[in-house]
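Only one structure is covered here, and it is reproduced in the block below.
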Amino acid sequence: MYKKILAIVPAYNEEDSITAVIDDIKSHLPEADIVVINDASIDRTADVVRAKSVVRLIDLPINLGIGGAVQTGFRYALKGNYDIAVQIDGDGQHMASEVKKVLTPVANGEADMVIGSRYLEKKGFLSSPLRRLGNFIFKIVNSTLIQQKITDNTSGFRAYSKEAIRFLTRYYPSDYPEPESVVLLAKNGFRIKEVPVIMKERTAGESSITPLRTVYYMLKVMLAIFARFSR
């Protein structure tokens with residue numbers, strides 16, 4: 001059965017990578033519509049996206065962070081009655097050649113959220129040592145809380161069912177949402193699945209998460225996860 005698919009691309013200061021990301025999606029997932037959520041970039045990201053007539057651009061007036069940007073994409077997906085939404089980050093780390101691995105279990109009705117994991121087969125770019133440590137900690141905590149092994153809780157390469165989209169338009173965590181949303185969805189009865197994918201280093205620009213902010217992020221999200229689980 002035909003599925004209406006939306007690719008959600010959150011982007012902040014990605015003028016040097018966003019064109020290649022869009023072209024990659026159109027090449028490997030031509031049936032999908034694409035919406036780029038420009039999270040109040042201060043570079044030419046918006047201008048570059050406007051030049052791509054096949055893409056819908058949503059310009060946020062203020063910077064909401066990754067959670068607010070992706071939730072905006074969910075709201076667009078719900079309004080457009082899409083069956084599946086797939087998140088592909090605007091920095092070029094997520095390869096559209098891998099996207100069918102993430103989409104297929106949702107399209108087949110096997111899962112409500114599918115996470116593309118770097119750590120199931122450990123191929124390609126596996127992130128920095130500090131972030132790998134953070135991911136290891138999240139793996140222990142989240143896998144224990146939801147009684148399901150999740151190896152890549154920080155991966156933003158994900159696909160969602162229509163039911164998950166509808167739920168997350170209301171309840172998606174606002175700040176560094178990926179690990180917390182695993183617990184949120186599992187606690188509310190949504191089916192989660194991981195599939196192995198290959199990622200690469202960002203193609204341009206710099207991550208906004210410095211080593212110091214990585215530690216802050218881990219502590220903050222850990223508190224949010226335990227608060228979420230205890231409700």
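Assorted remarks:
- Scan of the stretch 40-99 for residues that are aromatic (Phe, Trp, Tyr) and more than 13 Å from the chain's Cα centre (by Cα), ordered by number: TYR76, TYR82
Residue by residue, here is whether (1) at pLDDT below 95; (2) of a type in the set (Lys, Arg); (3) surrounded by 17 or more Cβ atoms within 10 Å (Cβ to Cβ); (4) part of a loop (DSSP other than H, G, I, E, B) holds:
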residue: GLU110; (1), (2), (3), (4): no, no, no, yes
residue: LEU130; (1), (2), (3), (4): yes, no, no, no
residue: LEU133; (1), (2), (3), (4): yes, no, no, no
residue: PHE138; (1), (2), (3), (4): yes, no, yes, no
residue: LYS149; (1), (2), (3), (4): no, yes, no, yes
residue: LEU168; (1), (2), (3), (4): no, no, yes, no
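Per-residue answers, yes or no, for (1) hydroxyl-bearing (Ser, Thr, Tyr); (2) touching an Asp or Glu at 6+ places or on another chain (Cβ under 8 Å):
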{"site": "GLU121", "(1), (2)": "no, no"}
{"site": "LEU133", "(1), (2)": "no, no"}
{"site": "PHE138", "(1), (2)": "no, no"}
{"site": "ILE150", "(1), (2)": "no, yes"}
{"site": "SER161", "(1), (2)": "yes, yes"}
{"site": "ALA164", "(1), (2)": "no, yes"}
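- Candidates in the stretch 88-106 are the residues that are out of contact with any helix residue (DSSP H, G or I) (no Cβ under 9 Å at 6 or more places or on another chain) and closer than 20 Å to LEU185 by Cβ; of these, the one that is surrounded by the most Cβ atoms within 10 Å (Cβ to Cβ) is VAL102.
- Evaluation of ALA77 against the conditions (1) at pLDDT 95 or above; (2) surrounded by fewer than 22 Cβ atoms within 10 Å (Cβ to Cβ); (3) touching a helix residue (DSSP H, G or I) at 6+ places or on another chain (Cβ under 6 Å) shows that the sole unmet condition is (2).
The values are calculated or read from the model by the stated rules, or taken from the named source; none is laboratory data. Since the structure is predicted, the reported quantities are computational estimates derived from the model, not experimental observations. For neighbour counting, all protein chains shown are included, and Cβ atoms are generated from backbone atoms with ideal geometry for every residue, glycine included.
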